[in-house]
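The values are calculated or read from the model by the stated rules, or taken from the named source; none is laboratory data. Keep in mind the model is a prediction, meaning the values are calculated, not measured. Heads up, the Cβs are rebuilt from the backbone with ideal geometry, glycines too, and the neighbour counts pull from every protein chain shown.
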Protein chains: 2
Amino acid sequence: MKQNLLVVISGPAGSGKGTVIKKVFEKSDEFHLSVSATTRLPRPGEKEGVNYFYMTREQFEELIKDGKVLEYTEYCGNYYGTPKEKVFETLKEKNVLLEIEVEGAMQIKSRFPDAVLILLLPPSYKELRKRLYGRGTETPEVIEKRLAHAEYELGFMDKYDYVIVNKDGGIDEAAEDIISIVKSEKKRAKRCTEVKDKFYE
Amino acid sequence: MKQNLLVVISGPAGSGKGTVIKKVFEKSDEFHLSVSATTRLPRPGEKEGVNYFYMTREQFEELIKDGKVLEYTEYCGNYYGTPKEKVFETLKEKNVLLEIEVEGAMQIKSRFPDAVLILLLPPSYKELRKRLYGRGTETPEVIEKRLAHAEYELGFMDKYDYVIVNKDGGIDEAAEDIISIVKSEKKRAKRCTEVKDKFYE
């Protein structure tokens, strides 16, 4: 049986995470992007089951209580998390990508050691600063906060399995790296226990 | 600096090891095949530095004494081993492939935990038997010995990092798997310590 993988991708704002993940889906049909649940209200244009699964605080806390979230966090008074059932259902068909923050990634790591954790990084602090100011969508205060947060995220590098540096113009390469990492991980001896049984069939 | 890898490839006779390795070199110029040293005499047609580095027993034991072999074994009264210096020299330029037996692979694993160990396997015992009898170059006694040895090698599967099953007609795929594994291994967080320093350059 083909064993699919739970793949966690984290990375600072400005690392190009979203674009790289989109590119992965263009290049391969063996991945599915997990949709998070949240208690925050939908913003205009957002769609249930596409951007998030929207739920009440009570519903979310029920999920937590029943152990039905893979990871969750509370941010600005709202819960964000990954519903477990949907992920396990999807894993039967495809590899599941989770785009989550460092804290969620650490929760996944401790509960599902078979998951593969990938940290996507910009090539340098200088470059990151350039990208963030370049896109001009945030105030300097927000950008400086994001830069400080990027340094914090870098501190978790050793807890990740893989590190991909998303160079300028490197979207394609970074996406191929992700695909290649998942392909290789499936050949890891610890994941190939069925090979021995098959040998004597 | 590009960090090259020491890659150990083992596999039973009939796993297609030699053919797969040849294919790796056709597909990528980032690999170098390490040439072993031996105390056995050259066979007709064999060339110094191509098939083996040939040396006397005294020379080989001198290497062992000085810690100048990565791994070695004694087989039918002759030493076989991997001279260290040449490997480390070559690693500055390319990934180095070592095609060695299980025992040598285990020596490498304990002395150089950064090495990547790949076990190449035939899809099944039945298929292996078919391949070995099919090539018609060995007596049934030798073939049965090889089959028994394959079972012994399979017992070391868990000590390897990766397992590649070389399916019938799967030479290309197996070679690509090796290339992909090495590419991915270079992105492992534990090998990317320089990323942090570069971030602040």
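Within region B:170-188, the residues that satisfy the criterion of being part of a loop (DSSP other than H, G, I, E, B) and within 19 Å of residue B:114 (Cβ to Cβ) are B:186, B:187.
Restricting to region B:134-143, give me the number of residues that are at pLDDT 90 or above and under 23 Å from the mean Cα position of the chain (by Cα). Qualifying residue count, region B:134-143: 2. Residues in region B:139-196 that are aliphatic (A, V, I, L, M), within 19 Å of residue A:196 (Cβ to Cβ) and facing chain A (nearest Cβ under 8 Å): B:154, B:157, B:163, B:164, B:165. When we screen B:191, B:146 for residues that are among the charged types (D, E, K, R), within 23 Å of residue A:8 (Cβ to Cβ) and touching a residue at least 60 places away in the same chain (Cβ under 8 Å), the only hit is B:191.
Filtering region A:115-138 to residues that are hydrophobic (A, V, I, L, M, F, W, C) and closer than 18 Å to residue B:199 by Cβ leaves A:118, A:119, A:120, A:121, A:128, A:132. Answer yes if at least one residue in region A:189-200 is surrounded by fewer than 15 Cβ atoms within 10 Å (Cβ to Cβ), within 30 Å of residue B:119 (Cβ to Cβ) and among the β-branched types (Val, Ile, Thr), and no otherwise. Yes, that holds for at least one residue.
Scanning region A:149-169 for residues that are touching a residue at least 24 places away in the same chain (Cβ under 8 Å), in a loop (DSSP other than H, G, I, E, B), under 21 Å from residue A:23 (Cβ atoms) and not polar (S, T, N, Q) yields A:160, A:161, A:167, A:168.
Do you know which of the residues in region B:116-138 that are part of a loop (DSSP other than H, G, I, E, B) and within 14 Å of chain A (Cβ to nearest Cβ) is surrounded by the most Cβ atoms within 10 Å (Cβ to Cβ)? Applying the filter and picking the extreme gives B:122. Out of the residues in region B:147-158 that are touching a Lys or Arg at 6+ places or on another chain (Cβ under 8 Å) and surrounded by 14 or more Cβ atoms within 10 Å (Cβ to Cβ), which is farthest from residue A:181 (Cα to Cα)? Within region B:147-158, the match that is farthest from residue A:181 (Cα to Cα) is B:147. Consider residue A:94 carefully, then state whether it is modelled with pLDDT of 95 or more, of a type outside the set (Val, Ile, Thr) and under 28 Å from residue A:182 (Cβ atoms). It is true that residue A:94 is modelled with pLDDT of 95 or more, of a type outside the set (Val, Ile, Thr) and under 28 Å from residue A:182 (Cβ atoms).
Of the strands (runs of 3 or more DSSP E) that lie entirely inside region A:1-107, those containing 1 or more residues that are surrounded by fewer than 19 Cβ atoms within 10 Å (Cβ to Cβ) and free of Cβ contacts under 8 Å to residues at least 24 places away in the same chain span A:69-75.
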